[in-house]
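What follows is a set of notes on a single structure, which appears directly below.
The values are calculated or read from the model by the stated rules, or taken from the named source; none is laboratory data. Owing to the predicted nature of the structure, the values given are computational and were not obtained by experimental measurement. Note: ideal-geometry Cβ built from the backbone for every residue, glycine included; neighbour counts use all protein chains shown.
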Amino acid sequence: MRSIWIAMRSLETDIMDAGPTTPRLAPSPLNGWRRERGRPSLVEVYGSIGTRPTGPFWRKLVAFLGPGYLVAVGYMDPGNWATSLAGGSKFGYALLAIALISNVMAIILQSLCARLGIGAGRDLAQACRDAFPTWVSWPLWIAAEIAICATDLAEVIGTAIGLNLLFGVPLELGVLITALDVFLILWLQNLGFRWIEAFVVTLLGVITVCFAIQIALADPNWGAVIRGFAPTTEIVTNPDMLYLALGILGATVMPHNLYLHSGVVQTRRFGDSVEDRREAINLATADSTIALMFALLINASILILAAATFYKAGKTEIAELDQVHAFLAPLLGSALAPTLFGIALLACGLNSTVTATLSGQIVMEGFIDIRLPAWARRLVTRSLAIVPAALVTIWYGASGTAKLLIFSQVILSIQLPFAIVPLVMFTADRGKLGELIAPRWLTALAALTAVTVIVLNIKLLVDFLAG
């Protein structure tokens, strides 16, 4: 961790003299907005990280990297693991194509988030507040807060299960221990936002190493893996396969990531001109695209691991995380495999709780323009997730947490349209973004993605209520 910090500080020292020395606010004409822009998103770290205004594109990109990896965490959170594990254990490598398609959808939507944050100088929550009347923006805020709590709930449960698998910590106690991450975030943010990014990237590295070793032990059929990335008609004609495919697509795009990316991208310091902001949009899009391809690598690894072990051994009904932990050792012939799985799950849960808490801050401050002390704000958002999680785990035990995870995904499905539709609307509105409006082809792809995700999530919700 210290070496990463030293490298980042060295890079920042190199570029501080080249860029503006104070946080900037992009020009904010009232055209297209109902009210003027207020204080910036994540004001305590706004514009705190210098970028490189001159030099080749790759050097500028290296200076800009960071926000995309915070976003990528949301695409590999514990809530996504169950669908990938179930898909791999039941249908082998066939659903890798769905993982690829869902990742392309994520890249499109996150590029719009970067465009909104840089082009309009607002995160998605602030944009909703400034564009809609109160009777519209307040219900959107309530829906977003519920989604943040549902997201945080899944991360808390995943972290608790990781602690249980590795150290035998009771789930009830594990849920409460995860509350301590609020103090970790406070400490890291006081040191600088680069520290939070370094923490997240370090844990992503741990996850990568864990899965690389497990994949090597599993020795998958690489020819079948490559063929799995090509869509087949069976995905549509087989009802069970279609249901799992819908689950993978529906669980990939999460509302809190749209708010998060449009906020954290503004921690970078860049010029005020249209040209400077257009280049910043390109850099942010490249950053998030690279990071999301990394997230695809992790999600595909989960599915490949399940296919190479459980599907190959005929164990086609594996979906629970504790089942995976129990069966990996005998199937792979190594006592190290389940330990690595537990470490990866714990690292993933810790990462996800950090980013979900930041999302909660962006949503609360953006929609209602309220400023609480950092410690109070994070305690409030964390308590909203931990209280129901603790109650359910104490009352129902492990089976209750599984039901709670399912319930949290349903809540996210309900809220998702209320985040995607405003995002597409704002970035397609010349009155709001001016010359930085999204190209028509990108808006068309984003609209198609939005419709697809909404339809799939509605189907999942109907199936859940019916069954």
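Some observations on this one:
- For the stretch 376-391, the count of residues that are within 24 Å of residue 252 (Cα to Cα) and at pLDDT 80 or above is zero.
- On inspection, residue 144 qualifies as crowded, with 19+ Cβ neighbours inside 10 Å, at pLDDT 85 or above and farther than 16 Å from residue 346 by Cα.
- Taken residue by residue, the stretch 317-326 has at least one member that is hydrophobic (A, V, I, L, M, F, W, C) and under 13 Å from residue 214 (Cα atoms).
- Verdict on residue 60 being farther than 23 Å from residue 346 by Cα, in contact (Cβ under 8 Å) with a residue 60 or more places away in the chain, basic (Lys, Arg) and touching a Phe, Trp or Tyr at 6+ places or on another chain (Cβ under 9 Å): no
- Here residue 301 does not fit the description of being assigned to a helix (DSSP H, G or I), in contact (Cβ under 8 Å) with a residue 60 or more places away in the chain and in contact with a His (Cβ under 8 Å, 6 or more places away or on another chain).
- Lone unmet requirement of (1) within 18 Å of residue 351 (Cβ to Cβ); (2) of a type outside the set (A, V, I, L, M); (3) outside any helix (DSSP H, G or I) for residue 122: (1)
- Scanning the stretch 125-180 for residues that are among the aromatic types (Phe, Trp, Tyr) and within 23 Å of residue 75 (Cα to Cα) turns up just one, 141.
- All helices (runs of 4 or more DSSP H) inside the stretch 154-236 with 3 or more residues being buried (at least 18 other Cβ atoms within 10 Å of the Cβ) and modelled with pLDDT of 90 or more: 193-218
- Residues of the stretch 309-353 satisfying the condition of being of a type in the set (Ser, Thr, Tyr), over 27 Å from residue 200 (Cβ atoms) and either buried (at least 20 other Cβ atoms within 10 Å of the Cβ) or in contact with a His (Cβ under 6 Å, 6 or more places away or on another chain) (or both): 309, 311
- Residue among 233, 178 that alone is in contact with a helix residue (DSSP H, G or I) (Cβ under 8 Å, 6 or more places away or on another chain) and of a type in the set (Ser, Thr, Tyr): 178
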